[in-house]
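Visitor: One structure coming up, written as structure tokens, with questions to follow.
The values are calculated or read from the model by the stated rules, or taken from the named source; none is laboratory data. Every value quoted in this text rests on a predicted model; they were computed, and no experiment measured them. Ideal geometry is used to build each Cβ from the backbone, glycine not excepted, and the neighbour counts take in all protein chains shown. For the accessible areas, the whole protein counts, side chains as well, though only heavy atoms, and no ligand, DNA or RNA atoms are used. Shrake-Rupley method; radii C 1.70, N 1.55, O 1.52, S 1.80 Å.
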Amino acid sequence: MENTDTSTSTVRRNSKRPRYSKFTQQELPACKPILTPRWVISAFMLISIVFIPIGVAALFASRDVVEIVDRYDSECIPANETDKVKYIQTPGEKSCNRTLTVPKRMKPPIFVYYQLDNFYQNHRRYVKSRNDQQLRDSKEANSVSGCKPEDFNNGSVIVPCGLIAWSLFNDTYSLSRNNITLNVSKKDISWKSDREHKFGKDVYPKNFQSGGLIGGGILDPNIPLSEQEDLIVWMRTAALPNFRKLYGKMEVELQENDVIDVTLGNNYNTYSFNGKKKLVLSTTSWLGGKNDFLGIAYLTVGGLCFFLAMAFTVVYLVKPRQLGDPSYLSWNRNPGWR
Amino acid sequence: MKRYAYINDDGPSQDLYRDNRISNTKYTVLNFLPKNLWEQFSRFMNQYFLLIACLQLWPLITPVNPASTWANEREVWVVENGIKKLIQAQDIRVGNIVWLRENDEVPCDLVLMGTSDAQGLCCVETSALDGETDLKTRVVPPVCMGMDPVLLQKIKGVIECPSPDRDIRRFDGNLRLFPPFIDNDVCPLTIKNTLLQSCYLRNTEWACGVAIYTGNETKLGMSRGVPEPKLTAVDAMIDKLTGAIFIFQVVVVMVLGVAGNVWKDTEARKQWYVKYPDEGPWYELLVIPLRFELLCSIMIPISIKVSLDLVKSLYAKFIDWDEKMIDRETVTPAHATNTAISEDLGQVEYILTDKTGTLTENKMIFRRCCISGVIYGNESGDALKDTELLSAIETGSPDVIRFLTIMAIGNTVIPVKSKNGAILYKAQSPDEDALVQAAAKLQMIFVDRSANILEIWFNGRTIHYKVLETLEFTSDRKRMSVVVKENDTEKIFLLTKGADEAILPCAYAGQQTRTFTEAVEQYSQLGLRTLCFAWRELMPDEYHEWSLVFKEANSTLVDREWRIAEACQRIEHDFEILGVSAIEDHLQDGVPETIETLRKAGINFWMLTGDKQNTAVQIALSCNFISPEPKGQLLMIDGKTEDEVCRSLERVLLTMRITTSEPKDVAFVIDGWALEIALKHYKKAFTDLAILSRTAICCRVTPSQKAQLVQILKSCDYRTLAIGDGGNDVRMIQQADIGVGISGREGLQAARAADYSIGKFRFLTRLILVHGRYSYNRTAFLSQYSFYKSLLLCFIQIFFSFVSGVSGTSLFNSVSLMAYNVFYTSIPVLVSVLDKDLSEETVMQHPQILFYCQAGRLLNPTTFAGWFGRSLFHAVVVFMISLNAYTYEKSEMEELSMVALSGCIWLQAFVVTMETNSFTILQHVAIWGNLVAFYALNFAFSAVPSSGMYTIMFRLCGQPSYWFTIFLTVAAGMGPIFALKYFRYTYRPSKLNVLQQAERMGGPILSLGTIESHPGTIEREVSPLSISQSKSRSPVYEPLLLDSPNTRRSFGAGGTFEFFQSQMRLSSLYSRNCKDN
């Protein structure tokens, strides 16, 4: 269509001529590894050599941790109560005594947890039912978006709003050994960052648990949220339906066969959904609490890698196979295309 | 509907028809939005994203194709208001008189009104229109004959012509001039009176004509057709997979939705802290399914579209940048106009190629000759340098001189003296040009043609001839003659040249023609175009008697052509055969090699040409397109009537079916006539033939037939590539899956309409084997990987919903989700555009490996299932390990989410590493740098107090258990995959793996490989080499080795042929199955 003059078009094309570089020519120096048997076998060997000791160490660490778990939800209902839900929903003192025996010497610090099973803190309605601005800043007391249905009480704003705060766990434990009370420190059980940045020092509970339906624990309206550590711990929602949360810390050493008496206030309702409540006393290791999983998994993976390395070695020795054998290249080896 | 073009009417009639603006664009301002939207949303993936966008109320901006515009600004002379004016070509209106000078391109379809020639003739070159390179004469309609140029500017009249159509061989119109010019006589117009758009005016000083069809309504414009949006096979497959994933997603969403509603009604009502309201809104049942729909929407990666568009434009850039595809002669780099279809290059199954200008240079050179039994030019390959011939000329051998005379004057060439004294020849056909040029170099210089007098210089002497008659060339007669009178001797000669089958039978009784037959045979085997030369002295009586008959034949109105042929027959007999000339239509560099390499890659070739049958066959022979007789077999399909074509077609089909089992190169040859009938009445039989035939030659085909042939192959689900260089190839180029234009002598039309333009045919190898193949491989990896990483995250979300009360909670926060798709995972995979599974050299040496791409082996439901399984496996690994490692007191939502996310990021880094074949520095930077960037970014998020992730990452990185979890995830996730890959790689290697291994070990492959690059020289060494190798090998492979491609070559290409036949069937069956799925 266009009558392009040859000379001008040559000039034009000339200027369009690309500048040479290794990138534009796709000629960047490249390293092209191939999977030689030696390479692969040593890789698997290396993994097994690294993983098996780690697995052993992790397993030892986990075994070092001493843990006492006591399920008390059904035991703390008086035997004559048939309707557990009604019992727990009746206001009043519902104390209960439990005895724990220390299986092994426990070195401080000893962590006191409560464990809830079948409690879905990760439920979509629940996990979002909070307002971080309100928790952080006293000026934001009115921001209750996302807190429904626990946002207003008779028209006045609830602080802290939302289902999470509303359902605060409120069982209490007091531990004693030989009738001497063991001091369970409730200080510094929450994350420091939460206390300092997520929960305001000048934010005080307002209208909390004052509505018709009371969920869980109540908060002292004179203590700022940043010091309500039970709330802060509770509001770190758990990702799994079975979880433990820190109740307190003990700086005493427990000896083997020590008997610990626990007086607990059984207030929290897990009965309507058959949830379990457990009291857990546990020490800790460099890897955390008692959890054999990492150790076993490391040993398994290391072992499998060792097995694979061995298997590949045997196959390599028994049936050596030349790499890049051109005889495999005959294009007529029909139809064994892979 | 008729149209009336009012000549030189400046009134309102001008606006009846469109102006001459040519638009080659798909879009106009008006239809851009609806058309583009329609095109975009006819793709499933886009529909899906629209759906998601509506759900999420995100504004989604679809990428738009820029509307390309053509330059219509070329200036032409047009008469306006009686004055000649220079206006832009796009402003020409129907009825305008357009003035053209020599070598101008015709801007629109014109009816010729006047020329500089006294007889009202002008020459046009129509190669851009129909591909025929000879000049055609056009004549002014009788009523305008001899009109004064000044008068022409004022002429008024009306031309009645049919509505625009695409038939370039037919035009039926009427011209009536208004008084005072001529009375009301109606003058019929034919195609002979027209100048069609994109032709060039040649050998004529000026010409003028009335515009009748303008813009896109010209014959060329109508036959150009509207290009469809091209969708690559890979895109189609990705769409299909997207559809499958979508169905999977709907199923998952429905199952989870039902499960969620059940859980809600049974369990969640008991979970008092969730406080489910007793009475929900009417849509309550839909809430949970829709929530899952949103949660699972990441299953189909939105980023894939963006990533693909990005890498595709980079593939196109690589083509533009490629130094090895720059034509050194004209400094033309390759160019990818369409950036979206590079993968298709790697999946080409059929190449349909134009001949002239594509395979050949379109430059004819006289190479050899055989004069009265003596063969010249065989030693040197150039008769012009043959000393024997030169001395024969010097000694004045009469046969040689006669031969040279025919070369010089037995034609319609017009010599033109240029300013510096050199003589230029204007020839209708390049053959004649070559002959005259050669004669001039052999001292027989054709100097001048003035009226009927020809002037020749020979060895310093001047000879004059008078042309008495010219018996023009027709394709039926296959010869042309001139009757000349030598002025000095008053002798009358008949000088004839033509095809051997048209000349040799006319020899006088007793002349031995065997040597000539042999020479012709020999030359055609060399791929040279042959012409036989013959002469006879005519007695004056004989001539005069005959000339009366001839004149009468010339003036008949009925059956004129036949009558002329009959008249010629009367005089063209009893020839004395002088000799045979051999002309080389110079093949482009590397054409035979290119065709051979691409053949080996399993690509079938069809040649579609507007040229004559024997020329096409000869060129086909010379460029390895078809094999000569004993090995190859040509099957002709011809006939002028339906019955003949039908019979011929059936016969060929039968032969083809029989010979598929024989080691023979079978090709069929069909001409335009037969093709027309075959396509109209026997489409099915022809389609069967098309599937059977690896090679075909179609000659004398029109542009729309070319496009129809492409259409037939496409309808059989083959990926087609059309390559051509002229305007007559434009439709075929646009019709094919991939159009390649050669920016060559016939202008840039084809190159402009094409998806890719290259300088020379030989670059096709590189375009397909290197760029196409890499593009396919890279896209195959990139697209499947995109699905993998999205599915990985999605599966984790699904698993998590089982431990979160099937309520649709997202484990990952929104920032992570977004960054995962657009940042963490897309950057490492984008550098896969640099990945090369095999080096370019290896691919060139083993083009067979292209089969992997053709059959779609790297991207199909099976491979996709592998990636799907891998993502499921990795999701299980990540989920189980992070869940079990972070139990009880550690199971904090944000922490667990980050542990799982880090696990995914690490795994994907290793997956990319494992799937990468060659690491450049950029790959390392992208893969490992991305990992570092992931931590840097998350540290940054963790430092912002207001973010939900505050301190999380610092906290995690301080824990040994975090790192142990990550390493465990990587080892457990990659170990099995790595072991499997190694096992396959070593003990069940694919051809690809073997080549990779061989290439990297620097093994014997290179020595084997050289064989293919120099097929001629090493052929002899091949078999011993292979045999010696086989001795050292286990006997299992020995019989197979005999069939290796190298040895097969020496045993005959039949094996290859047969093998590829079955391969093709396999591949097409395979791909069809895939498509059915």
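Visitor: Between the alpha-carbon centers of the stretch A:51-71 and the stretch B:865-925, tell me the distance in whole angstrom.
Guide: Cα centres, the stretch A:51-71 to the stretch B:865-925: 25 Å.
Visitor: What shape does the stretch B:454-509 take by its C-alpha gyration tensor, where a ≥ b ≥ c are the square roots of the eigenvalues and a/c under 1.5 counts as rounded, a/b above b/c as prolate, and the rest as oblate?
Guide: The shape class here is prolate.
Visitor: Need the list of lysines near residue B:156 for cross-linking: C-alpha distance under 27 angstrom, and skip anything on the same chain fewer than eight residues off.
Guide: Here the lysines satisfying the reach criterion relative to residue B:156 are B:2, B:84, B:85, B:192, B:219.
Visitor: While we're here: Give, ordered by residue number, each residue of the stretch B:777-811 whose 1.4 Å probe accessible area is reduced by a minimum of 40 Å² on adding the remaining protein chains to the chain alone.
Guide: Residues passing the criterion (a loss of at least 40 Å², heavy atoms only) are B:803, B:809.
Visitor: With both partners inside the stretch B:439-561, how many of the DSSP beta bridges are antiparallel, as a percent to the nearest 5?
Guide: Restricted to the stretch B:439-561, the bridges split so that about 100 percent are antiparallel.
Visitor: Put simply, what bits of the stretch B:264-278 lose 50 Å² or more of accessible area when the other protein chains are there, versus the chain on its own (1.4 Å probe)?
Guide: Residues of the stretch B:264-278 that lose at least 50 Å² of accessible area once the other chains are added: B:270, B:272, B:273, B:274, B:275.
Visitor: Could you grab the relative contact order for chain A? Cα pairs under 8 Å, six or more apart, rounded to a whole percent.
Guide: 33 percent
Visitor: Based on alpha-carbon centroids, what's the gap between the stretch A:98-115 and the stretch B:549-625 in Å, whole number please?
Guide: 103 Å
Visitor: Are there cysteines in chain A with no other Cys C-beta under 4.7 Å, and if so, which?
Guide: Lone cysteines by the Cβ rule: A:31, A:305.
Visitor: Relative contact order for the stretch B:247-383: what is it in percent, counting Cα pairs under 8 Å that are at least 6 residues apart?
Guide: 15 percent
Visitor: If you don't mind, there's one more thing I want to ask. Find the centroid of the Cα atoms in the stretch A:127-155 and in the stretch B:249-328, then give the distance between the two in whole Å.
Guide: 30 Å
Visitor: Please give the residues from the stretch A:179-193 for which the solvent-accessible area of heavy atoms, probe 1.4 Å, is smaller by at least 10 Å² with all protein chains in place than with the chain isolated.
Guide: A:191, A:193
Visitor: What does the structure give for B:318-328 when I average, per residue, the other chain Cβ atoms found within 10 Å of the residue Cβ?
Guide: What the average comes to for B:318-328 is 3.
Visitor: Rounded to the nearest 500, what is chain A's calculated 222 nm mean residue ellipticity when only DSSP H runs of at least 4 contribute -39500 (n - 2.57) each, over all residues?
Guide: For chain A, the value works out to -8000 deg cm²/dmol.
Visitor: Place a +1 charge on the Cβ of each Lys and Arg in the stretch B:535-619 and a -1 charge on the Cβ of each Asp and Glu, then give the dipole magnitude about the Cα centre in debye, rounded to the nearest 20.
Guide: It works out to roughly 440 debye.
Visitor: Could I ask something else about it? Setting aside same-chain residues fewer than 8 positions from residue B:324, which aspartates and glutamates have a Cα under 18 Å from its Cα?
Guide: Residue B:324 reaches A:27, B:589, B:593, B:840, B:841.
Visitor: From the square roots a ≥ b ≥ c of the eigenvalues of the alpha-carbon gyration tensor of the stretch A:64-201, which class results: rounded (a/c under 1.5), prolate (a/b over b/c), or oblate?
Guide: The shape class here is oblate.
Visitor: Mind running the shape call on chain A? Use the C-alpha gyration tensor, a ≥ b ≥ c as the square roots of the eigenvalues: rounded below 1.5 for a/c, prolate if a/b tops b/c, oblate otherwise.
Guide: In terms of gyration-tensor shape, oblate.
Visitor: Cross-chain or 8 or more residues apart, Cα under 27 Å: how many lysine pairs in the stretch B:339-441 fit that? Count them up, please.
Guide: 14
Visitor: Please report the relative contact order for the stretch A:158-280, taking Cα pairs under 8 Å with a sequence separation of at least 6, and give it as a percent rounded to a whole number.
Guide: This gives 38 percent for the stretch A:158-280.
Visitor: Using a 1.4 Å probe and counting only protein heavy atoms, how much accessible surface gets buried when A and B come together, both sides summed, in Å² to the nearest 100?
Guide: In total, chains A and B hide about 10600 Å² from solvent.
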